[in-house]
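Single-structure report; data block below.
Rule-based calculations on the coordinates, nothing more; no lab input. Keep in mind the model is a prediction, meaning the values are calculated, not measured. FYI the Cβ positions are ideal-geometry reconstructions off the backbone, even for glycines, and counts take in every protein chain you see.
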Amino acid sequence: MLAYLPVLRPDQTLTSWLLILCRNHGAKPQSLGHLLWPRCSIWNRDFDRTVANSTLRAIAEVTGLEFETLESMTLRGMARRYSSSEHNVGRQAGILPVGIYHRVRFAHGQQFCPECLGQPTPYLRREWRSEFAVACRQHEILLKDACPACDAPFIPHRNRSLLQARCHRCLASLCDQPARKANDELLRFQSAIAAKLGLPDDSRSCSANELLQGLAGCDHDLMDGLRKLSRLKATSLRHERGWHRVEWSGLRIHQRAAVLEQVSADLANWPQAWISWLEGEKLTQNELDKRFGPWPLWVRTAIFQLPFSLGPTGFARKRDKAPLRLLRRQAPTLLTYRRARAQLLLREAVNVEEALA
């Protein structure tokens, strides 16, 4: 069993703990990994997200830590709160991708705080891999996701990048870059999300819970609704500010911070602020359903206040579903109902054309 085990820190990731373990034994991460766990792949994949149970048991056998303790340092618990799906292949809802390809990372999914990296023993937090984490709640500044000199993604295990707080590519310092202070509303919103994800609490959590106290229900529904609200806002800001066309989880920190600031402002006055914005954008129930699929109930109740669609003249129009329900109850077969429904919709279209003529 190994000695010189690192002290477990709050919200610490498993990979950062292993990196400190390698430093304590004066070994390179790849060398110690091949020596102790020759059949386990650690540094050539997103280990915190995709680690197997057999690998956790092998690490527990060598280090003496409990399996449950090691599992709590992975991203499994946070991923379960985001989605009911247990898959770990490719991208996972709520977790920022790191884009691993042939041992190289191309995406900027591993975020860090320059102030935290300047500590004597820096380590990574699980929260920094969340899509809704854009600020360090301890230092109240926005996180970083790349080298300030060459914009390379942060790869903690290459060239002792984490422990020496420098870029693995150009060796520039990661602590000297200026950081923008996060506003209080964004910090309260992130603290509320962290509480929902079961992450460690902080001094702002009491006021943060007031932000989402009306959004009761399943955590999966809450997170699904927040992700869709963020994707919708990101689409609007992408056209407004000329961002590159990338999906929500692929946006950089300053872009996601701008999106979350607007989302948190809408939630602070929910749902009036969001409905007013949708009406200004001329978005309807039909369009929201087509673009984002089924919405959770706590958002669906707000969407019902919108018109179903826009008529040919541009005026709001709501679909009267009573005749269709009556047809479905009276039709003996599904084929009969479809034929009657087609005739009814055709008559409505003819009436609209005659009205416009």
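Listed values, structure above:
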{"item": "Unit charges on C-beta of K, R, D, E only; dipole of the stretch 215-310, Debye", "result": "380 debye"}
{"item": "Estimated [θ] at 222 nm from DSSP helical runs (n ≥ 4, -39500 (n - 2.57)) normalised by residues in the chain, nearest 500", "result": "-14000 deg cm²/dmol"}
{"item": "Label-point separation in nm, residue 28 to residue 41, each point 7 Å along Cα→Cβ", "result": "1.9 nm"}
{"item": "Tail beyond 24 Å, pair distance distribution of the stretch 14-164 (Cα, percent)", "result": "32 percent"}
{"item": "Per-selection Kirkwood Rh - the chain (Cα, Å, 1 d.p.)", "result": "23.2 Å"}
{"item": "Square roots of five times the Cα gyration tensor eigenvalues for the stretch 215-310, Å", "result": "20, 16, 13"}
{"item": "Within the stretch 81-161: Cβ-based charge dipole about Cα centre, in debye rounded to nearest 20 (Lys, Arg +1; Asp, Glu -1)", "result": "280 debye"}
{"item": "Total charge dipole magnitude, the chain, about the Cα centre, Cβ charges on Lys, Arg, Asp, Glu only, Debye to nearest 20", "result": "1120 debye"}
